[in-house]
Amino acid sequence: MLKLLKLGKVTAIKNDPRYGTTVIIEHVNGFETRYANLLTAEFVNVGENVTKGQTIGTVGNTATFEILDDYHLHFEILKDGEYQDPLIFVEY
């Protein structure tokens, strides 16, 4: 499954009212990853293809509903619009 998430295309970069600065990447087979609470997303552009290990932004504290937390990355994986457990897909 990890190979499915090694390549993707940036489909949106937005300032979400709850999640702050957010980069959304579309992958094959209905997968999507979301990187939120970013300070900046200046390293990628909408429509750009990205690969594993590429910098897409810097960690910040822009998510209003997590404003009391320390700086961190808010990360989500969806499959066909349904949230998945990231620990199944991420090596750590």
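General remarks:
- Scanning the stretch 1-26 for residues that are in a strand (DSSP E or B), surrounded by fewer than 19 Cβ atoms within 10 Å (Cβ to Cβ) and in contact with a helix residue (DSSP H, G or I) (Cβ under 8 Å, 6 or more places away or on another chain) gives a single hit, Leu7.
- Residue-level check: of (1) open to solvent by 60 Å² or more (accessible area, probe 1.4 Å); (2) touching a Leu at 6+ places or on another chain (Cβ under 7 Å), Asp70 misses just (2).
- If the condition is being part of a strand (DSSP E or B) and of a type in the set (Asp, Glu), then the stretch 52-92 contributes Glu76, Glu82.
- When Asn29, Asn45 are checked against the criterion of being closer than 19 Å to Val90 by Cα and not in a strand (DSSP E or B), a single residue qualifies: Asn29.
The values are calculated or read from the model by the stated rules, or taken from the named source; none is laboratory data. Just so we're clear, the structure is a prediction, and the values are computed from it rather than from any experiment. Here Cβ is always computed from backbone atoms with ideal geometry, including for glycine, and neighbour counts include all displayed protein chains. Protein only, heavy atoms only, side chains kept; ligands, DNA and RNA dropped before computing areas. Shrake-Rupley method; radii C 1.70, N 1.55, O 1.52, S 1.80 Å.
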